[in-house]
Amino acid sequence: MRGPLTDVLDDIAAAISRLDSADNTRAILTAALSQGLPAADIAERGIRRGLEIVGQKYEAGEYFLSELLYAGSLVTELFEMLKPAMKDQPFERKGIIVLGTVRGDIHDIGKNIFKMLADSAGFDVHDLGVDVEPTGFVEELKKTQTEILGLSALLTTALAEMKNTMDTLRASGVRSGLRVLLGGNAVGKAFGSEIGADAAALDAVEGVEICKMWTQK
């Protein structure tokens, strides 16, 4: 039987999935907090569920890039509102993702969308930015001890740098036990297999789903 707490979680998810105004969605979240609902429940069963629905609509062609960006910015704002409550309650992150655009490429739109969605899905994303040296990825991987690396490239000329990065990962000894995800317009699944990556995503939504699959317990 549904109760008022379940209702407000459904309302949060529905508001995000409908791309409601920020004012309306903030008001619903404020109501949830005023009822004493755990921050983890609001995040998982409200905010993230709503964003998952948006992702499904994007994959189905019902929503487009502009809608995906709006939903992502809305969710980021809601998580900022939720942060004070999250500090006082246990909140389990799914894992760490080290992310960056490879050397020779300064494009970051797709990378930033992935970061936004991955963060909203519960990952702690360490974004190294653009034009990242292969050794930069290695240093961050050693520092964070993460099991997921995301490499992005828009330019076909940067594909050689993706291969160089993979070679550097192997030579430095951090490739073992590491999941490598490729993304960007220049990347195809066949290329991913060719250079020894674990997966290549066609878009940010698919990329986050792959990372969620890798971290399922």
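The values are calculated or read from the model by the stated rules, or taken from the named source; none is laboratory data. The model shown is predicted, which means the values in this text are computed figures rather than measured ones. Note that we place each Cβ from the backbone using ideal geometry, even for glycine, and neighbour counts take in every protein chain shown.
Pairing residues of region 29-57 that are farther than 13 Å from Leu19 by Cα with residues that are polar (S, T, N, Q) and buried (at least 17 other Cβ atoms within 10 Å of the Cβ), at Cβ distances under 8 Å and at least 6 apart in sequence or on separate chains, gives Arg48/Ser120.
Identify all residues within region 17-30 that are assigned to a helix (DSSP H, G or I) and surrounded by 15 or more Cβ atoms within 10 Å (Cβ to Cβ); write none if there are none.
The first filter runs over region 17-30 and keeps only residues assigned to a helix (DSSP H, G or I), leaving 17, 22-30.
Across region 17-30, the qualifying residues are Ser17, Thr25, Arg26, Ile28, Leu29.
When Val138 is tested against (1) within 20 Å of Gly192 (Cβ to Cβ); (2) in a loop (DSSP other than H, G, I, E, B), just one condition goes unmet, and that condition is (2). Return a yes/no flag: does region 148-161 have any residue that is surrounded by fewer than 20 Cβ atoms within 10 Å (Cβ to Cβ) and β-branched (Val, Ile, Thr). Yes, the conditions are met somewhere in region 148-161.
Conditions tested, residue by residue: (1) of a type in the set (Lys, Arg); (2) touching a residue at least 12 places away in the same chain (Cβ under 8 Å); (3) over 14 Å from Ala201 (Cα atoms); (4) touching a Ser or Thr at 6+ places or on another chain (Cβ under 7 Å).
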{"position": "Leu141", "(1), (2), (3), (4)": "no, yes, yes, no"}
{"position": "Gly150", "(1), (2), (3), (4)": "no, yes, no, no"}
{"position": "Leu155", "(1), (2), (3), (4)": "no, yes, yes, no"}
{"position": "Glu161", "(1), (2), (3), (4)": "no, yes, yes, no"}
{"position": "Thr165", "(1), (2), (3), (4)": "no, yes, yes, no"}
{"position": "Thr168", "(1), (2), (3), (4)": "no, yes, yes, yes"}
{"position": "Val174", "(1), (2), (3), (4)": "no, yes, yes, no"}
{"position": "Leu178", "(1), (2), (3), (4)": "no, yes, yes, no"}
{"position": "Gly183", "(1), (2), (3), (4)": "no, yes, no, yes"}
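Go through region 129-143 and report how many residues are hydrophobic (A, V, I, L, M, F, W, C) and more than 17 Å from Arg179 (Cβ to Cβ). Number satisfying all stated conditions: 2.
Considering only helices (runs of 4 or more DSSP H) fully contained in region 36-120, which possess at least 1 residues that are buried (at least 21 other Cβ atoms within 10 Å of the Cβ), on the phi > 0 side of the Ramachandran plot and of a type outside the set (A, V, I, L, M)? Output list is empty. For region 105-113, the count of residues that are out of contact with any Gly (no Cβ under 7 Å at 6 or more places or on another chain), modelled with pLDDT under 95 and among the polar types (S, T, N, Q) is nonzero.
Quick check on my filter: what residues within region 174-191 are closer than 23 Å to Tyr58 by Cβ and either modelled with pLDDT of 95 or more or outside the structural domain of Gly110 (by TED's automatic domain parsing) (or both)?
Of everything in region 174-191, those that are closer than 23 Å to Tyr58 by Cβ and either modelled with pLDDT of 95 or more or outside the structural domain of Gly110 (by TED's automatic domain parsing) (or both) turn out to be Leu181, Leu182.
Return yes when Leu128 is in the same structural domain as Gly207 (by TED's automatic domain parsing) and either surrounded by fewer than 18 Cβ atoms within 10 Å (Cβ to Cβ) or out of contact with any Lys or Arg (no Cβ under 6 Å at 6 or more places or on another chain) (or both) and no when it is not. Yes.
Rundown of residues vs (1) of a type in the set (A, V, I, L, M); (2) over 14 Å from the mean Cα position of the chain (by Cα); (3) within 30 Å of Asp167 (Cβ to Cβ); (4) in the same structural domain as Thr146 (by TED's automatic domain parsing), yes/no style:
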site	(1), (2), (3), (4)
Lys57	no, yes, no, no
Ala60	yes, yes, no, no
Glu67	no, yes, no, no
Gly72	no, no, no, no
Glu77	no, yes, no, no
Glu80	no, yes, no, no
Arg103	no, yes, yes, yes
Ile113	yes, no, yes, yes
Gly122	no, no, no, yes
